[in-house]
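So the structure is just underneath, and the comments pick up after that.
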Amino acid sequence: EKVIARIPKNVDAIYLALGGSDTINFARQYKKAEGKAKLIGGSTMVDGTLLNYKGGGQEVLIGALSAGPQADTWDDPKWQSYIKSYQDAFPANQRFLVPSFIATGYYNATKAVGQCLNKINGKLDDGHKALRSCLSTIELEAPNGTISLDKNRQAIGSNFVTEIIKTDDGQLANKLVVIKDDVNQTLGIDPASFAKIGSPSKENPVCKANYE
């Protein structure tokens with residue numbers, strides 16, 4: 001509460017680098033403080049496990065912008081089929097509106113392993129060489145887009161810019177704003193140029209308005 005009280009009243013937005021119970025605690029206290037600034041945060045701030053928490057306070061998250069590996073309201077047929085399979089597997093009072101992004105990540109990883117095990121006929125000798133080779137080259141058609149790995153074994157996939165909304169049935173969800181496909185480790189920047197930027201810190205990259 002002391003930190004929230006020190007936030008200037010005239011700021012346009014607050015970047016919230018929180019997740020888990022920290023997000024819930026902030027939401028409750030910010031609501032109590034009658035905060036008005038818009039919120040921006042990472043995917044952990046807007047995960048379904050938090051949006052569907054039965055503790056109150058999440059209303060202050062409505063309108064918050066974020067980006068991450070999925071968008072709850074995406075109308076893509078593969079995504080909608082994935083959601084339906086999830087919802088059919090659990091009673092309504094024992095599940096979220098859609099799987100959390102963590103659950104989707106585990107689903108994708110398991111699906112990739114399963115596909116590769118089938119491709120190599122379960123051959124796991126020689127230090128799992130065949131399995132590792134398959135996983136490093138597979139293009140996974142996942143519910144949230146096509147995913148592959150680069151030479152550093154980092155994912156190349158779709159990034160979803162989202163906004164938190166309240167659905168017609170009163171639940172909070174991540175509404176799709178825009179999709180950026182084929183996002184790689186260096187964010188589309190030449191690796192050499194990206195390396196020159198340096199490691200991220202409070203001062204790097206510089207926070208400045210871009211009016212171009």
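Of the residues Ala142, Ala155, Ala173, Ala112, which is more than 17 Å from Gly68 (Cα to Cα) and modelled with pLDDT of 90 or more? Quick ask: steps written out before the conclusion?
Working: Ala142 fails: more than 17 Å from Gly68 (Cα to Cα); Ala155 fails: more than 17 Å from Gly68 (Cα to Cα); Ala173 fails: more than 17 Å from Gly68 (Cα to Cα).
Going through Ala142, Ala155, Ala173, Ala112 in turn, just one is more than 17 Å from Gly68 (Cα to Cα) and modelled with pLDDT of 90 or more: Ala112.
What residue, among those in region 160-212 that are within 21 Å of Phe96 (Cβ to Cβ) and of a type in the set (S, T, N, Q), is surrounded by the most Cβ atoms within 10 Å (Cβ to Cβ)?
So, considering only residues that are within 21 Å of Phe96 (Cβ to Cβ) and of a type in the set (S, T, N, Q), the one surrounded by the most Cβ atoms within 10 Å (Cβ to Cβ) is Asn174.
Given the options Ile40, Ile62, name the one that is under 30 Å from Gln154 (Cα atoms), aliphatic (A, V, I, L, M), at pLDDT 85 or above and open to solvent by 30 Å² or more (accessible area, probe 1.4 Å).
Working: Ile62 fails: under 30 Å from Gln154 (Cα atoms).
Being under 30 Å from Gln154 (Cα atoms), aliphatic (A, V, I, L, M), at pLDDT 85 or above and open to solvent by 30 Å² or more (accessible area, probe 1.4 Å) holds for just one of Ile40, Ile62, which is Ile40.
Mind checking which residues of region 65-82 are charged (D, E, K, R) and either outside any helix (DSSP H, G or I) or buried (at least 19 other Cβ atoms within 10 Å of the Cβ) (or both)? First the steps, then the outcome.
Taking region 65-82 first, the residues charged (D, E, K, R) are 72, 75-76, 78.
Listed by number, the residues that qualify are Asp72, Asp75, Asp76.
State which residue pairs qualify: first residue in contact (Cβ under 8 Å) with a residue 40 or more places away in the chain and inside region 23-45, second residue aliphatic (A, V, I, L, M) and open to solvent by 30 Å² or more (accessible area, probe 1.4 Å) in any location, beta carbons under 9 Å apart, and separation of 6 or more residues or different chains.
These pairs meet every condition: Ser43/Ala67.
Would you mind telling me which numbered condition in (1) more than 15 Å from Lys175 (Cβ to Cβ); (2) open to solvent by 10 Å² or more (accessible area, probe 1.4 Å) Thr23 fails?
Every listed condition holds for Thr23 apart from (2).
Which condition breaks for Ser85 when tested against (1) in a helix (DSSP H, G or I); (2) among the small types (Gly, Ala, Ser); (3) at pLDDT below 90; (4) open to solvent by 30 Å² or more (accessible area, probe 1.4 Å)?
Ser85 satisfies every listed condition except (3).
Yes or no: region 117-135 includes at least one residue that is touching a Lys or Arg at 6+ places or on another chain (Cβ under 7 Å) and open to solvent by less than 60 Å² (accessible area, probe 1.4 Å). Lay out the reasoning, then the answer.
At the first step, the residues of region 117-135 found to be touching a Lys or Arg at 6+ places or on another chain (Cβ under 7 Å) are 130, 134.
Filter once more, so that each one left must be open to solvent by less than 60 Å² (accessible area, probe 1.4 Å): 130, 134.
Yes; the residues of region 117-135 include at least one that is touching a Lys or Arg at 6+ places or on another chain (Cβ under 7 Å) and open to solvent by less than 60 Å² (accessible area, probe 1.4 Å).
Scan region 107-125 residue by residue and report those that are part of a loop (DSSP other than H, G, I, E, B) and not basic (Lys, Arg).
Selection gives Ile120, Asn121, Gly122, Leu124.
For region 14-28, indicate whether the set of residues that are among the polar types (S, T, N, Q), modelled with pLDDT of 90 or more and in contact with a helix residue (DSSP H, G or I) (Cβ under 9 Å, 6 or more places away or on another chain) is non-empty. Before the answer, list the steps.
First, the residues of region 14-28 that are among the polar types (S, T, N, Q): 21, 23, 25.
Restricting the remaining residues to those that are modelled with pLDDT of 90 or more gives none.
The answer is no; no qualifying residue exists.
Quick one: Gly19 ticks every box in (1) under 18 Å from the mean Cα position of the chain (by Cα); (2) not in a loop (DSSP other than H, G, I, E, B) bar one, so which box is it?
Going through the list (1) under 18 Å from the mean Cα position of the chain (by Cα); (2) not in a loop (DSSP other than H, G, I, E, B), Gly19 breaks only (2).
Report the residue count in region 22-64 for those that are assigned to a helix (DSSP H, G or I), closer than 29 Å to Thr146 by Cα and among the polar types (S, T, N, Q). Steps first, answer last, please.
Of region 22-64, the ones assigned to a helix (DSSP H, G or I) are 22-32, 43-45, 48-51, 58-61.
If we keep only those that are closer than 29 Å to Thr146 by Cα as well, we get 43-45, 48-51.
With the extra rule that they be among the polar types (S, T, N, Q), the set shrinks to 43-44, 49.
Selection size over region 22-64: 3.
The values are calculated or read from the model by the stated rules, or taken from the named source; none is laboratory data. Note that the structure is predicted; figures quoted are calculated from it, not measured. Here the Cβ is made from the backbone with ideal geometry for all residues, glycine too, and neighbour counts use every protein chain on show. Side chains included, ligands, DNA and RNA excluded: accessible areas come from the protein's heavy atoms. Shrake-Rupley method; radii C 1.70, N 1.55, O 1.52, S 1.80 Å.
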